[in-house]
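Before any comments, here is the structure.
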Amino acid sequence: MKNRIQELRREKHMTQEELASLCKVTRQTIISLENGRYNPSILLAHKIAKIFGLSIEEVFIFEEE
């Protein structure tokens, strides 16, 4: 699954640390998400989408295998 987290975060001039704090996760989690090494729980995906004022589908790109 791909995502637009890094792009959206940069548009808002937000650091990884700031996003992590808002999501109540570690900066390492945000790094892993941005690098595509970690798929978030539905709750975390919802939190991230809400922070950016978007739907989950606008932040996360689901690709069928």
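Where a number appears in this text, it was derived from the coordinates with a stated rule and is not lab data. What you see is a predicted model, and the numbers here were worked out from it, not measured in a lab. With ideal geometry, Cβ positions are generated from the backbone for all residues, glycine too; neighbour counts draw on all protein chains shown.
For every residue, the table says whether it meets (1) in contact with a helix residue (DSSP H, G or I) (Cβ under 6 Å, 6 or more places away or on another chain); (2) under 18 Å from residue 64 (Cα atoms).
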| residue | (1), (2) |
| --- | --- |
| 7 | no, no |
| 10 | no, no |
| 16 | yes, no |
| 25 | no, no |
| 36 | no, yes |
| 47 | yes, no |
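Can you give me the ranges of the helices (runs of 4 or more DSSP H) entirely in the chain with at least 2 residues that are surrounded by fewer than 14 Cβ atoms within 10 Å (Cβ to Cβ) and small (Gly, Ala, Ser)?
Qualifying helices (runs of 4 or more DSSP H): none found.
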